[in-house]
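Peer 1: Before I ask anything, let me first share the structure, which is written out below as structure tokens.
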Amino acid sequence: MKGLEIAKAFYFEWGKPYLEESFPDLAKRVAVGRISGSDVLGGDDEISKDHNWGPQFTIFLSAEDYAAHAETLSAEINAAAPNPWRGYKLDGGGDKSVNVECIPNLFKTWFGFGKLPQNNDAWKAVVQKGVDGGIHYGRESSLYFLRHGAIWFDGSGELTAWRKALHTYPQTIWRTRLAEEIFRVWHHGEYNFVQRVAKRHDPLAKAICIGEFVNGVMRTYLLLNQDFTPYWKWLAHEFRKLDEAQTVALQLDELVTTDSLDRQIELVLQISSDIFDRMKEEGIIYESKELKNLLPLLNAHIQLSQ
């Protein structure tokens, strides 16, 4: 049985009756679900059972309810929660059967803003550069989990409003992210791997280059589907759910496993060409012969609104 199924049953069969009996007024206003963890994506397995897996759910509160009730609610519901429950045990350092979160505080931590974004300036907090000069992938991953996570009950509608507002990037932000990943694909594919790294026969440089290319390709296709991109560990798992992955995933699998350098070069060029064709079909670009020429075309559209 998958972890999310267990968590859902645990809430409806034990958690919901407990809340309605012990906190009847609060029970009408809370939101309940799971919006983080491998089980949220259906990616859990035997290895996942060492932490945050099984009979566990999260209660999401407004700022007012959190200030008034969080400490008592967390202490009492976790003291009462059965573990194991129906033979399923929650195990791992610091794991609680029920997590209690403040909605605006959680999203301030996750995304950099504690109010629903009203313009592109607010969204900049998500895509601003990290200390290494790259995008805050943790924030984009949190957007992915919020969009694809499970919300089983939302009495006040506050959590649902956040999820609706953050369902996808605004167009200018989306083009910014797409341009970043297209640059990664070109820089580590057609430009560096094909023209340079493949000729130098350095296995470490080759591994880094191919890895970055594969990373960029998977993120590009998720973005082309108007989605976010998750934490790297679950990127391949989620990419394989896309319709395009029926073909592209096989090409990427071969790219990282074949011993033929000529075949790797052929695959990099083919995958890059397919991305170009897909972007033409979407009307994102209109003419170009090389993937690198997509960059100025995209950059013409990615200036953030003032």
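The values are calculated or read from the model by the stated rules, or taken from the named source; none is laboratory data. Note that the structure is a prediction, hence the values are computed from the model and not measured. Here the Cβ positions follow ideal geometry from the backbone for every residue, glycine too, while neighbour counts run over all protein chains shown.
Peer 1: When the residues of region 43-69 are filtered to those that are assigned to a helix (DSSP H, G or I) and crowded, with 16+ Cβ neighbours inside 10 Å, which remaining residue is nearest to the chain's Cα centre (by Cα)?
Peer 2: Among them, the one singled out is S48.
Peer 1: On to the next question. Give L116, L73, L61, L106 a once-over and let me know the one that is modelled with pLDDT of 95 or more and under 30 Å from A179 (Cβ atoms).
Peer 2: Criteria check complete, one pass: L106.
Peer 1: Further, regarding this structure: For region 266-283, indicate whether the set of residues that are basic (K, R) and either at pLDDT 95 or above or under 20 Å from the mean Cα position of the chain (by Cα) (or both) is non-empty.
Peer 2: Scanning region 266-283 turns up no residue that is basic (K, R) and either at pLDDT 95 or above or under 20 Å from the mean Cα position of the chain (by Cα) (or both).
Peer 1: Criterion first (at pLDDT 95 or above, in the same structural domain as L159 (by TED's automatic domain parsing), more than 14 Å from I151 (Cα to Cα) and of a type in the set (S, T, N, Q)) does S38 satisfy it?
Peer 2: No.
Peer 1: Quickly run through region 1-15 and pick out the residues that are touching a strand residue (DSSP E or B) at 6+ places or on another chain (Cβ under 8 Å) and either closer than 22 Å to Y144 by Cβ or buried (at least 17 other Cβ atoms within 10 Å of the Cβ) (or both).
Peer 2: Scanning region 1-15 gives L4, I6, A7, K8, F10, Y11, W14, G15.
Peer 1: For region 250-258, check the following and say yes or no: at least one residue is β-branched (V, I, T), in contact with a Phe, Trp or Tyr (Cβ under 9 Å, 6 or more places away or on another chain) and in the same structural domain as H188 (by TED's automatic domain parsing).
Peer 2: no
Peer 1: Continuing with this model, one more query. Condition first: among the aliphatic types (A, V, I, L, M), assigned to a helix (DSSP H, G or I) and free of Cβ contacts under 8 Å to residues at least 12 places away in the same chain. Can you find one or more residues in region 114-133 that meet it?
Peer 2: For region 114-133, residues among the aliphatic types (A, V, I, L, M), assigned to a helix (DSSP H, G or I) and free of Cβ contacts under 8 Å to residues at least 12 places away in the same chain: present.
Peer 1: Report the residue count in region 211-236 for those that are assigned to a loop (DSSP other than H, G, I, E, B) and β-branched (V, I, T).
Peer 2: Qualifying residue count for the region: 1.
Peer 1: Can you give me the number of residues within region 75-95 that are at negative phi and either in a loop (DSSP other than H, G, I, E, B) or not assigned by TED's automatic domain parsing to the domain that holds D50 (or both)?
Peer 2: Total satisfying the criteria: 9.
Peer 1: A further question follows. Sort out which residues of region 10-42 are under 30 Å from the mean Cα position of the chain (by Cα) and free of Cβ contacts under 8 Å to residues at least 12 places away in the same chain, and write them in order of number.
Peer 2: E13
Peer 1: If I173 satisfies all but one of (1) over 30 Å from D39 (Cα atoms); (2) in contact with a Phe, Trp or Tyr (Cβ under 6 Å, 6 or more places away or on another chain), what's the number of the condition it fails?
Peer 2: All conditions are met except number (1).
Peer 1: Applying the selection to region 236-259, what residues are surrounded by fewer than 21 Cβ atoms within 10 Å (Cβ to Cβ) and either among the acidic types (D, E) or more than 25 Å from K280 (Cβ to Cβ) (or both)?
Peer 2: A236, H237, D243, E244, D253, E254, V256, T257, T258, D259
Peer 1: Taking into account only those residues within region 159-184 that are at pLDDT 95 or above and assigned to a helix (DSSP H, G or I), which is surrounded by the most Cβ atoms within 10 Å (Cβ to Cβ)?
Peer 2: Only one residue tops the list, namely L159.
Peer 1: Since A79 meets every condition but one in (1) modelled with pLDDT of 95 or more; (2) within 21 Å of N105 (Cα to Cα), which condition does it not meet?
Peer 2: All conditions are met except number (2).
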